Amino acid sequence: MTERSEPPLVPQPAPSVSAPSSVPTTRRVSTWNIANALTIGRLVIVPVFTVFLFLEGPTWRLAALGVFLLASFTDQLDGWLARKYALITDFGKIADPIADKALIGAGLVSLSFLGELPWWVTVVILAREAGVTLLRFLVIRHGVIPASYGGKVKTVLQIAAIALYIVPGVPAPVRWVAIGLALAVTVGTGLDYVVRAIRLRQVAARARGG
């Protein structure tokens with residue numbers, strides 16, 4: 001679940017009247033670009049992944065795993081393309097995290113419905129994701145909290161844990177270790193986000209007071 005961040009625009013010096021040079025302008029990025037197309041594609045295949053997961057048989061399980069891993073790969077790819085080729089748009093900033101949470105949420109809820117993953121694990125992870133999203137909106141007027149390295153680790157662990165639950169025949173202890181690590185990092189990074197949000201608000205309050 002990569003976050004797209006837009007680099008700050010650097011003011012350009014005004015051109016001399018005598019020098020026939022062109023003034024660089026900010027390029028308008030179309031919403032219809034490859035990065036956003038991958039994000040939309042990820043949203044579209046979430047229902048396909050869910051259907052495959054509920055169908056019986058190892059073949060369907062492997063098909064669900066393939067779709068899940070493909071969607072997870074596009075999550076990394078669309079963010080990389082957006083940053084490398086300056087394809088960052090307001091639509092992408094909103095749709096990308098929605099697609100990420102839809103994919104992870106679909107996997108967790110489906111596995112819980114199938115009785116393979118305890119509901120409390122799913123509730124804790126989804127509550128953390130919803131809480132962080134809400135907190136982001138609450139402090140956005142004070143500033144933006146950048147994605148941390150722990151958040152990236154959290155995403156990788158969640159994907160790995162869900163994949164191990166999808167694959168048939170994986171020993172239960174292996175699954176529990178994987179989901180335990182994902183759960184611990186998920187909660188830990190959530191608490192870290194709360195701390196950073198409080199600090200950001202305090203800094204903003206001192207700046208207004210000064």
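Laboratory data are not the source of any read-out in this text; all were calculated from the coordinates shown. From a predicted model like this one, the values you see are computed outputs, not experimental measurements. Here the Cβ is made from the backbone with ideal geometry for all residues, glycine too, and neighbour counts use every protein chain on show.
What residues from region 45-62 fall in the zone where the backbone N is under 20 Å from a label point 7 Å along the Cα-to-C-beta line of I98?
Zone members listed by number: 45-50.
Work out the length of the dipole vector of region 34-209 about its Cα centre, built from +1 on the beta-carbon of each Lys and Arg and -1 on the beta-carbon of each Asp and Glu, and round it to the nearest 20 debye.
860
Could you please report the charge total around E116, scoring K, R as +1 and D, E as -1 over all other residues with beta-carbon less than 12 angstrom from its beta-carbon? Walk me through the numbers on the way to the answer.
Working: positive: R61, R175; negative: none.
Cβ neighbours under 12 Å give a net charge of +2.
For region 112-118, what does the Karplus curve 6.51 cos²θ - 1.76 cosθ + 1.60, with θ = phi - 60°, yield as ³J(HN,Hα) per residue in whole Hz, taken in order and with x for Gly and Pro?
My calculation for region 112-118 gives 5, 4, 6, x, 9, 9, x Hz in order.
I'm spelling it out carefully: the read-out is Rg/Rh (Cα atoms, Kirkwood Rh), the candidates are (1) 0.97; (2) 1.08; (3) 0.99, and one was derived from this structure. Which label?
Correct label is (2).
Calculate, for I40 and L69, the FRET efficiency according to 1/(1 + (r/R0)^6) with r their C-beta to C-beta distance and R0 22 Å; round to the nearest 0.05. Could the numbers behind the result be given before it?
On the way: r = 19 Å, r/R0 = 0.84.
The pair I40/L69 has a calculated efficiency of 0.75.
Rounded to the nearest 500, what is the 222 nm mean residue ellipticity of the chain from helices alone, with -39500 (n - 2.57) per DSSP H run of 4+ residues and division by all residues?
-25000 deg cm²/dmol
Round to the nearest 0.05 the FRET efficiency obtained for Y85 and K152 when R0 = 22 Å and r is the Cβ-Cβ distance.
Given R0 = 22 Å and the Cβ-Cβ separation, E is 0.55.
Putting +1 on Lys and Arg Cβ atoms and -1 on Asp and Glu Cβ atoms, find which of A163, F54, L43 reaches farthest to the positive end of the dipole of the chain.
Positive-end residue among those listed: L43.
Indicate the gyration tensor shape class of region 118-210 (rounded, prolate or oblate), computed on the Cα atoms with a ≥ b ≥ c the square roots of the eigenvalues: a/c under 1.5 is rounded; otherwise a/b larger than b/c is prolate and the rest oblate.
Prolate is the answer for region 118-210, as a/c is 1.5 or above and a/b outweighs b/c.
Below 8 Å, C-alpha to C-alpha, sequence gap of six or more: please give me the relative contact order for the chain in percent. Let's see the in-between values first.
Values: 192 pairs, mean separation 51.0, N = 210.
That works out to 24 percent.
For E116 paired with V194, estimate the spin-label separation in nm (one decimal), with each label point 7 Å from Cα along the Cα-to-Cβ line.
For E116 paired with V194, the spin-label model returns 3.2 nm.
Just give me a number: lysine pairs in the chain, eight or more positions apart or cross-chain, with C-alpha atoms less than 17 Å apart.
5
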